[in-house]
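Just so it is clear, none of the values below were taken in a lab; they were calculated from the coordinates. In this text the structure is predicted, and so the values were computed from the model without any measurement. Every residue, glycine as well, gets a Cβ built from its backbone with ideal geometry; the counts of neighbours run over all protein chains shown.
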Amino acid sequence: MTLADAAPQVLASFQERLRRDRATIAGLLARLRADATWHEIAADIVEIESLAHRLAGAAGTFGYAALGAAASEVERLTEGWRKRPPTGLTPRRHALLRRRVAALLGALARARR
């Protein structure tokens, strides 16, 4: 099999991954409700950061610049929280997190070819 033959299969596999990630991010975003405490959502934030990191790296490879940018924004916001969590999740920081994750979800929804 040549690289040209494999390319459609690789892209299809990536598209399937995007569908799964979109469903996962939607579920995580739903749990980031405004009244959630840090302890209630700490594990979700770690999962969000991990997904964002993977998406930021892979999106550019497949030509999804907007998706990569949205994932990078989430990753920058959450990086380090796993090792050194904020002392509290202020309403402002929480709202920013929810906006960035919502933007990532929107970018995932638009990442179709």
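Can you list residue pairs whose Cβ atoms sit under 9 Å apart, with the first residue in region 18-30 being among the charged types (D, E, K, R) and the second being surrounded by 15 or more Cβ atoms within 10 Å (Cβ to Cβ)? Count only pairs 6 or more apart in sequence or on different chains.
Once the first residue is among the charged types (D, E, K, R) and sits in region 18-30, its partners that are surrounded by 15 or more Cβ atoms within 10 Å (Cβ to Cβ) give R19/L108; D21/L51; D21/L55; D21/L108; R22/L105; R22/L108; R22/A111.
Give the residue that is surrounded by the most Cβ atoms within 10 Å (Cβ to Cβ), with candidates limited to residues of region 34-74 that are of a type in the set (A, V, I, L, M) and not in a helix (DSSP H, G or I).
Step by step, filter region 34-74, then rank; the result is A36.
Among R22, R17, R31, R54, which is of a type in the set (D, E, K, R) and over 15 Å from L108 (Cβ atoms)?
Going through R22, R17, R31, R54 in turn, just one is of a type in the set (D, E, K, R) and over 15 Å from L108 (Cβ atoms): R31.
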